[in-house]
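Working notes, beginning with the structure itself.
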Amino acid sequence: MRREQREAAYTDFVAARQTHLRRVAYAICGDWTQADDLLQTALVKLYVAWPRVQRDGREEAYVRQILVRANIDEHRRPWHRESAGLPRTEQAAPAPTSPEDRSVLLDALQDLPVMQRKTVVLRHWLGLSVEETATELGISTGTVKSHTSRALASLQGTLTTEGS
Amino acid sequence: MNFDLKSQLDASFSDEPPHLPLEQRLAAGRTALRRRRFAVSGAAVAAAAVVAIGVSAVLGPDDGRRSDPSPVEPPTTQTSQPAEVALTAAIPVDPDFMSWCAPRTCDAYTVSPVTFTADGTLVRLEDVVVFDRTDDPVPVPGGHSVAIEARFAGSVMWWLVWQDADGQVTARMTNPAGTHPEEWYDFLPQIVGGATGNPDGPGGAPAVVPVEVPSP
């Protein structure tokens, strides 16, 4: 694949999907700066793997999987910290949505345990099947179902309380 | 479930920060691809050298088939192995160092993933993956420095760590996004001299952030 073709196709994909993909990252991590970092890391990897991934038609799935797994990796670290390694937290960061403006639903989502949050995002936002979600997260289908059930109950409870 | 979660989530995003320019995304991808190709070609050269050395050893020096009596020069190890494995293994892990930063205690500041011990040994926190390492990119009188690219707590960053003649260790960091490696390396001497770069990001000098150096 010629470089010009590769870059044109890559740029088209990024321009079309970066907003959605960053929202996925944000839904998972709850921080725009970290979501930006996650997405940038994933898009760099996508560029390197572009010929193979595009041939298989897996561009979006490839990025999504990196987003989810990178975040999983971070949470598995013994001394994970929420703002770790993010220089922009000390600079004039791009203005995120202020806490008071954030959606009640997004806030409720961030209050869920991380795996419950991911199963909801993958199953009920991105429309993956139970099996696909299990594969994506590296857990059993039964665990996906139990996480999803608990997460939806929590969300519904929170939203009902907020709405009353 | 009696509410439409998908529609509600889709409608939840209203005020989002701007994206990086596409050209910056492309530039970062090109840099990563060059690095990958360099590592792969280095590994291929190393494999060829190993085969050549092996054949030479099997044939022996006196079998009459060697036309060139000069010894085989193996490639340097710095570029002849897959970068992540070779460079990570080159920095020892100090188990005491990894426990320095407990969960949720480091939120207010950044911290270097590598540092020098009192005897000048470079150590890293466990789970830090070093992709690229350059020893002594900046001359430090009576001391030493190291520039690394490392994945640390979910983000890939560039770090400069140096130790002066008194043993004092200092670290600075920048975000690779929007910065070319050449710009970063060109700027390292000024960082040691106290420069902080452009805090607004791309355009001119990289933005440089001072970071904590934990005691190993």
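The values are calculated or read from the model by the stated rules, or taken from the named source; none is laboratory data. All values reported here derive from a predicted model rather than from experimental measurement. Here the Cβ positions follow ideal geometry from the backbone for every residue, glycine too, while neighbour counts run over all protein chains shown.
Being within 21 Å of A:Thr133 (Cβ to Cβ), within 13 Å of another protein chain (Cβ to nearest Cβ) and out of contact with any Asp or Glu (no Cβ under 9 Å at 6 or more places or on another chain) is the filter here, so list the residues in the stretch A:39-58 that pass it.
A:Leu39, A:Ala42
Residue under question is B:Ser155, and the condition is that it be crowded, with 17+ Cβ neighbours inside 10 Å and closer than 26 Å to A:Cys29 by Cβ; does it hold?
yes
If I filter the stretch B:165-180 for residues that are touching a Lys or Arg at 6+ places or on another chain (Cβ under 8 Å), closer than 25 Å to A:Val44 by Cα and at pLDDT below 85, do I get at least one hit?
Yes, the conditions are met somewhere in the stretch B:165-180.
Pick from the stretch A:99-121 the residues that are more than 17 Å from B:Ala11 (Cα to Cα) and assigned to a helix (DSSP H, G or I): which of them is nearest to the chain's Cα centre (by Cα)?
Looking at the filtered set, the residue picked out is A:Lys118.
Quick check: anything in the stretch B:138-148 buried (at least 22 other Cβ atoms within 10 Å of the Cβ) and more than 29 Å from A:Leu67 (Cα to Cα)?
Yes: the stretch B:138-148 contains one or more residues that are buried (at least 22 other Cβ atoms within 10 Å of the Cβ) and more than 29 Å from A:Leu67 (Cα to Cα).
Can you name the residue in the stretch B:120-161 that is of a type in the set (S, T, N, Q) and more than 14 Å from chain A (Cβ to nearest Cβ) and, of all such residues, is nearest to B:Ile91 (Cα to Cα)?
Only one residue fits best here, namely B:Thr121.
What pairs come out if I take residues in the stretch B:3-17 that are at the interface with chain A (Cβ under 7 Å from one of its Cβ atoms) and pair them with residues that are among the aliphatic types (A, V, I, L, M) whose C-beta lies under 6 Å away, six or more apart or interchain?
Hits for this filter: B:Gln8/A:Leu105; B:Ser12/A:Leu105; B:Ser12/A:Leu106.
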